[in-house]
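In what follows, a structure is listed as structure tokens, so that the remarks can point back to it.
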2 protein chains.
Amino acid sequence: MKINLALVGFGRVGRAFVRLVGEKRGFCREVYGLDLDLRAVFNSRGAFFLEDERDFARLSSGSPVRPGRRGFWKPGLTLGEASRVWGRGPGVLVECTPTDIRDGEPGLGHMRLAMKNRWHVAAASKGALVLHFGSLMDTAERNGVRLKFSAAAAAALPGLDVGCHSLAGSEILGIEGILTGTANFILDGMERGASFGDALREAQSLGIAEPDPSLDVDGWDTACKILLISNAAAGTHFTLKDVRREGISHVSEKDFARARESGRVLKLLGRMTRNRGGCRARVGVEAIEKTHPLSTVSGTGKAVTFITDAMGSITVSGGNSSPRATAAALLKDIINIFRG
Amino acid sequence: MKINLALVGFGRVGRAFVRLVGEKRGFCREVYGLDLDLRAVFNSRGAFFLEDERDFARLSSGSPVRPGRRGFWKPGLTLGEASRVWGRGPGVLVECTPTDIRDGEPGLGHMRLAMKNRWHVAAASKGALVLHFGSLMDTAERNGVRLKFSAAAAAALPGLDVGCHSLAGSEILGIEGILTGTANFILDGMERGASFGDALREAQSLGIAEPDPSLDVDGWDTACKILLISNAAAGTHFTLKDVRREGISHVSEKDFARARESGRVLKLLGRMTRNRGGCRARVGVEAIEKTHPLSTVSGTGKAVTFITDAMGSITVSGGNSSPRATAAALLKDIINIFRG
């Protein structure tokens, strides 16, 4: 089956996605019978259409694509105007624009447009989903398409898959996760005695933390991810303002010492709890026992535990946090849309 | 959608399955739109058909079903003769007979019969699958049905789901798993200084090990599970005789001491390795580093790690090993057949 792909966003993840498609096209044809055809790539300055293998080779080699430089470059063309993309046959919009948690744009517009055109969506950006989860899922259902977002929920860590697929039939009583590798890395450094500022600067110097680290260190990133996993797997209806949230910058040496004395370790957890009063989500630093399955998650690691009524507790951990691994999560979602 | 179910095998897992269906029918209707209808239960002495809610209530309450006791009991009736079961509409055979790794019966006959009748299969028994994996999967494909076996591969631990679903598009370079809770429990006891015999007897007295423990302690159970996970997720073609296998009874105090000295811990691992010469599977006790994600699996715990080319390493751990949790894995497979 031929699958048309359009990519929006050509930053680190978008570029990694193009390279991965180049590397995996043969494998996907052979193993899944899917013929991935990247038709167009959009960024904020325009669009480029891929006409043949040479275009793909140039694009995936990482050579810079500049306005006016190549015949297939259409400066200023937006996704909405690109009627050539919405051709016949099944298609997937791959959404890799930067996450904006204030208005969800530009991802929100892209996703709606794609689904209106009966294209499926695989998203790495979180903003639109954490602000308009219910309405976007409704749009998907109304148009008979799938909206997948593994890459937004935790890159290669398959928290969504385990929650939505492996626990089918069981009720999810709680979820707890270490979902932001950057925050976990900084807490590790503070545990070893560094100040918050020093640990953050180390993370920034290694390219782990962004120059503006607030999404990660103020708990926003974890809040987005626990929301997405909980809404998708446990049927909750959180939007971002429902998630109680604190970050890691206020944690003191004394807090670490107190945790150590009681044989515990401090972790930034995203947590969903279900009780008679309903479901709640929160993000905060907690002292957890060393026997807790999340206590051994170190460095930029991630993990999530589901507590269920019929299967017990199940934890999934690992998965790289690189652009390549995020691209692999997008590719997985695309394959699973068509494998049924 | 109404889903007909026929259960074969009415031991601990079969009974737990009936109870779970009773408990979850409303949930499955509401959340997945699936109306589970248990039509018949077979054991080695005959069949009983469920005509109405009272039959179901009696069956799921655990009251013993004896030949001649109830009107709906058909002594001596086999699955093959039960043409009433293979009615219209989608159906799933739930295979819970004891595992026999010599000839795979009676599960083999049941699965083939069901698939020939265009019923899907959810299996908890391993024998037929580890002896005839390829041929059974071919039969499923030829008849347009699904053959699912999460419950056979590791009860509630979703190793198969992660391997088959969450890693789609990535190449699996290796798999390593602690897949037999009983063996892990006994090794834990030996680590604390007990002899193999004493640790085994403790496991038996707690109902963890079978009176004949050879499947677990000689590595057969782990061999079956690594085979199923590898064949299903990594496309290998192992049969049971391809898996090099050793158990845990030979491990000495000296082995534990040597492991401790080098900061390692002994675990019975099932392992698949892929290299240029192809894929190999083996089961044996290995000394693993304390930083290894499987090193913290204690007691009757289970876990499996996948090493991939594009996503890094991903580990899934936990899930109860009870009959109820195995039944929950069967229910999950049934739901996912129709959600697909």
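The values are calculated or read from the model by the stated rules, or taken from the named source; none is laboratory data. What you see is a predicted model; the values in this text were computed from it and never measured. Counting neighbours? That spans all protein chains shown, and the Cβs are built from the backbone with ideal geometry, glycine included.
Residue count for region B:1-25, restricted to those that are more than 19 Å from the chain's Cα centre (by Cα) and either assigned to a loop (DSSP other than H, G, I, E, B) or within 14 Å of chain A (Cβ to nearest Cβ) (or both): 6. Taken as a whole, the structure places B:A199 among residues that are out of contact with any strand residue (DSSP E or B) (no Cβ under 9 Å at 6 or more places or on another chain), aliphatic (A, V, I, L, M), more than 16 Å from B:G127 (Cβ to Cβ) and without any contact (Cβ under 8 Å) to a residue 60 or more places away in the chain.
Taking the numbered list (1) at the interface with chain B (Cβ under 9 Å from one of its Cβ atoms); (2) touching a strand residue (DSSP E or B) at 6+ places or on another chain (Cβ under 7 Å); (3) not hydrophobic (A, V, I, L, M, F, W, C) in turn, A:T273 passes all entries but (1).
Please tell me if A:A327 is modelled with pLDDT of 95 or more and within 10 Å of chain B (Cβ to nearest Cβ). Against the criterion (modelled with pLDDT of 95 or more and within 10 Å of chain B (Cβ to nearest Cβ)), A:A327 qualifies.
For B:A310, state whether it is modelled with pLDDT of 95 or more, touching a Leu at 6+ places or on another chain (Cβ under 9 Å) and more than 8 Å from chain A (Cβ to nearest Cβ). So B:A310 fails the test.
Checking every residue in region B:129-150 against the condition of being of a type in the set (A, V, I, L, M, F, W, C), under 19 Å from B:P323 (Cβ atoms) and touching a residue at least 60 places away in the same chain (Cβ under 8 Å) gives at least one match. Look at region B:31-44: where a residue is touching a residue at least 12 places away in the same chain (Cβ under 8 Å) and of a type in the set (G, A, S) and a partner is surrounded by fewer than 22 Cβ atoms within 10 Å (Cβ to Cβ) and part of a strand (DSSP E or B), sitting 6+ places away or on another chain with Cβ atoms under 7 Å, you get B:A40/B:F49. Scanning region A:195-205 for residues that are among the aliphatic types (A, V, I, L, M) and either outside the structural domain of A:G181 (by TED's automatic domain parsing) or within 21 Å of A:P98 (Cβ to Cβ) (or both) returns A:L200, A:A203.
Considered as a group, the residues in region B:295-312 that are within 16 Å of the chain's Cα centre (by Cα) and surrounded by 24 or more Cβ atoms within 10 Å (Cβ to Cβ) include one that is farthest from B:V162 (Cα to Cα), and that residue is B:K302.
Of all the criteria given as (1) modelled with pLDDT of 85 or more; (2) not in a loop (DSSP other than H, G, I, E, B), the one not satisfied by B:D55 is (1).
When A:L173 is tested against (1) crowded, with 17+ Cβ neighbours inside 10 Å; (2) touching an Asp or Glu at 6+ places or on another chain (Cβ under 9 Å); (3) not basic (K, R), only condition (1) is not met.
Taken over region B:195-212, the criterion of being touching a helix residue (DSSP H, G or I) at 6+ places or on another chain (Cβ under 9 Å) and under 21 Å from B:K302 (Cβ atoms) is satisfied by B:F196, B:A199, B:L200, B:E202, B:A203, B:L206, B:I208, B:A209, B:E210.
Counting only helices (runs of 4 or more DSSP H) wholly contained in region A:92-174, the ones carrying 2 or more residues that are over 26 Å from A:T273 (Cβ atoms) occupy A:107-116, A:127-143.
Tallying residues that are of a type in the set (A, V, I, L, M), in contact with a Lys or Arg (Cβ under 8 Å, 6 or more places away or on another chain) and within 12 Å of chain B (Cβ to nearest Cβ) within region A:156-175 yields 4. Please verify whether A:T315 is surrounded by fewer than 17 Cβ atoms within 10 Å (Cβ to Cβ), free of Cβ contacts under 8 Å to residues at least 24 places away in the same chain and facing another protein chain (nearest Cβ under 9 Å), treating the condition exactly as stated. Answer is no for this residue. Counting only helices (runs of 4 or more DSSP H) that fall entirely inside region B:184-282 and contain at least 1 residues that are under 30 Å from B:L129 (Cα atoms), the qualifying elements are B:196-205, B:214-217, B:220-234.
Within region B:150-191, the set of residues being modelled with pLDDT under 95 and out of contact with any strand residue (DSSP E or B) (no Cβ under 8 Å at 6 or more places or on another chain) comprises just one member, B:A155. When we screen B:A327, B:A281 for residues that are touching a residue at least 40 places away in the same chain (Cβ under 8 Å), assigned by TED's automatic domain parsing to the domain that holds B:L34 and in contact with a helix residue (DSSP H, G or I) (Cβ under 6 Å, 6 or more places away or on another chain), the only hit is B:A327. Filtering A:I226, A:I178, A:I208 for residues that are hydrophobic (A, V, I, L, M, F, W, C) and within 14 Å of chain B (Cβ to nearest Cβ) leaves a single hit, A:I178. Inspection of region A:26-42 identifies no residue that is part of a helix (DSSP H, G or I), touching a Ser or Thr at 6+ places or on another chain (Cβ under 6 Å) and within 14 Å of another protein chain (Cβ to nearest Cβ). Restrict the check to region A:94-105 and report whether at least one residue is surrounded by fewer than 21 Cβ atoms within 10 Å (Cβ to Cβ) and over 19 Å from A:L227 (Cβ atoms). No, that holds for no residue.
In a residue-by-residue description of region B:283-301, the property of being basic (K, R) and away from every other protein chain (no Cβ under 14 Å) applies to no position.
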